[in-house]
Amino acid sequence: MVNAKGTLRTCEQGHSYSKSSDCPTCPVCEQERKPKEGFLSLLSAPARRALENQGITTLQLLSQYTEKEILKLHGIGPSAMPKLKQALEEEELSFNK
Ligand SMILES: [Zn+2]
């Protein structure tokens, strides 16, 4: 069925959406797919710079550091830690012990 808004589709995950193009990408799935660098966007600018200066641009790299090591970086405040922990947990990672 085709109307002015496009065709109604259902993706593999069961999301319904309408698309006028024949691009098969579901917008709901698209939004749920987070970029690996996404955790940096949660942080304040000084905290983000502190991690970038250390070369920590992915959660995989972050997980190689201990919580103490990260806290010692200039620019990382205690308020950044819960955000980092949560971001790690979402990827089933954690700080080094
Ligand atoms: Zn979907």
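The values are calculated or read from the model by the stated rules, or taken from the named source; none is laboratory data. Bear in mind the structure is a predicted one, so any value in this text is a computation, not a measurement. Positions of Cβ are generated from backbone atoms using ideal geometry, with glycine treated the same way; all protein chains shown enter the neighbour counts.
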> Looking at segment 59-75, which of the residues that are modelled with pLDDT under 95 and crowded, with 16+ Cβ neighbours inside 10 Å is farthest from E32 (Cα to Cα)?
Replying inline: G75
> For segment 14-36, how many residues meet the condition of being farther than 25 Å from Q86 by Cα and either modelled with pLDDT of 75 or more or surrounded by 10 or more Cβ atoms within 10 Å (Cβ to Cβ) (or both)?
Replying inline: 9
